[in-house]
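First comes the structure, then the notes that go with it.
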Protein chains: 2
Amino acid sequence: MPATVIDITASLDGFVAGPDASVEHPLGRGGERLHEWAYDSAAWRARHGETGGETGVDDEAIREQITGMGAVVMGRRMFSGGSGPWEDDPMADGWWGDEPPFGVPVFVVTHHRRAPLEKGGTTFVFVTDGVEAAHAQARTAAGERNISVGGGADVVQQLLAAGLVDKLRLHVAPILLGDGVRLFERLDPGRLRFEPQRVVHSPRATHVHYLVHR
Amino acid sequence: MPATVIDITASLDGFVAGPDASVEHPLGRGGERLHEWAYDSAAWRARHGETGGETGVDDEAIREQITGMGAVVMGRRMFSGGSGPWEDDPMADGWWGDEPPFGVPVFVVTHHRRAPLEKGGTTFVFVTDGVEAAHAQARTAAGERNISVGGGADVVQQLLAAGLVDKLRLHVAPILLGDGVRLFERLDPGRLRFEPQRVVHSPRATHVHYLVHR
């Protein structure tokens, strides 16, 4: 049964980006430290066209994210910098370069219409009628494989609120950010139940898998 | 080497008590769900004078907290309901009944002077010159054993900020509270580093042990 799986990294104090996030510093002040657990892993390096790297728990966490992935849903700011019209966005082609590390269709939730964008083996499709519509398109595209959701917090919250998430793989970086973008906000506490399914850790992160019940 | 160890339970969204905490509902709205992982365990029941109960990961988490404990530091509201003068506090003798489950000296951080209180095998000592003073007294009382800190969030934050914590055992209940008392606040993000040391889980909680570096 194909699942919708969130993979997201938060600080110990619950932030997915630090304070003062901007086009220049999309992860906010100190936020690049969130993902230090990933950068040296063999799977991350391979995904970004590099060789070598570490194996182990953190590497395995990346591999699990990629395995079985048939489509991606992401927020506008995870694709590029802005939130206004595309013609005003200096990052209109996205953060992901000419060889985005997806290789499956990516559905970008945005308020601004735009034709699909092909980059390497990845097609970005821009969906303007909301997260649920993006999820439905991703469902069709993914077929028997999983839908992967990596952020931002807004998209994650909307999918959780809509009852569309089967699994949350929460990667907790053992740092404090103090302020920034919170992962869990604007959710009805009574409507979601999480069930810990698996936990592993390295010195750089804990990786907690939750089944999501609603 | 005797350590100062925090054992505290937080929700997935980082709260140690829900909204609208009061003397009647010290854990706030929904907050009693935080500790559901503990109530059925054999160690919890034994600590509260009952027999039976479950063994396993959650039970072990309680046992670890008790083992090697030589003194406790807690905040005023974890001892009783109020924060004003004792004579105005309907819970002046505390939540803990005639047989408090500590059996070691407990140092209560408060703004209001009061003579020590003996209950069962537990002596509560009221410390009015701050968290660091309470910690120093606990250090002397604990000798070669550990200082256990169970909350509230204020005391935890002050001890972390003062660099007096060696280990954080964070018990994460897989629920959202949406609002309430946050565990991590008012801390300087750059001054603390946490290192995951061990993680285990049951369907009811994840138990994450961090070494705390400063």
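None of the figures in this text is laboratory data; all of them are computed from the coordinates on show. Just so we're clear, the structure is a prediction, and the values are computed from it rather than from any experiment. Quick reminder, even Gly has a Cβ in these numbers, built from the backbone with ideal geometry, and neighbours come from all protein chains shown.
For chain B, calculate the relative contact order in percent as a whole number, restricting contacts to Cα pairs under 8 Å that are 6 or more residues apart. Spell out each step's value before the answer.
On the way: 476 pairs, mean separation 62.8, N = 214.
Once normalised by length, the contact order is 29 percent.
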Rg(Cα) / (2.2 N^0.38 Å) computed for the range A:69-139, rounded to two decimals: 1.00
Fraction of alpha-carbon pairs over 12 Å apart in the range A:111-150 - percent: 65 percent
GNM result for chain A, Cα springs below 10 Å: residue of A:P196, A:P174, A:P19 fluctuating most strongly: A:P196
Nearby aspartates and glutamates by direct alpha-carbon distance to A:K119 (threshold 20 angstrom, same-chain neighbours under 8 apart not counted): A:E50, A:E87, A:D89, A:D93, A:D98, A:E99
All Cα pairs of the protein assembly as shown, percent lying beyond 31 Å: 43 percent
For A:G82, distant residues with modelled amide H under 5 Å away: A:M91
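Kindly put B:M78, A:M69, B:M1 in sequence by how many other C-beta atoms sit within 10 Å of each C-beta, fewest to most.
Going from sparsest to densest Cβ surroundings: B:M1, A:M69, B:M78.
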Taking all pairs of distinct alpha-carbon atoms in the range A:25-64, Kirkwood radius in angstrom: 10.5 Å
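Cβ under 11 Å from A:V172's Cβ, A:V172 left aside: what net charge do those residues give with Lys, Arg +1 and Asp, Glu -1? Intermediate values should be presented prior to the final figure.
Details: positive: A:R169, A:R204; negative: A:D13.
With Lys, Arg at +1 and Asp, Glu at -1, the net is +1.
Taking every eigenvalue of the Cα gyration tensor of the range B:4-213, multiplying by 5 and rooting it, what semi-axes result, largest first, whole Å?
Working: eigenvalues 110, 82, 72 Å².
Over the Cα atoms of the range B:4-213, the semi-axes work out to 23, 20, 19 Å.
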Kirkwood Rh, Cα atoms: Rg over Rh of the range A:22-123: 0.98
Taking only Cα atoms of the range B:130-205, radius of gyration then Dmax in Å: 14.3, 40
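Using helices alone, I'd like the mean residue ellipticity at 222 nm for chain B: each DSSP H run of four-plus residues gives -39500 (n - 2.57), total over residue count, nearest 500. Please list the in-between numbers first.
Details: 6 runs with 45 residues, N = 214.
Per the formula, -5500 deg cm²/dmol.
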Most fluctuating residue given options A:E99, A:E87, A:E36, as computed from a GNM of chain A linking Cα atoms under 10 Å: A:E87
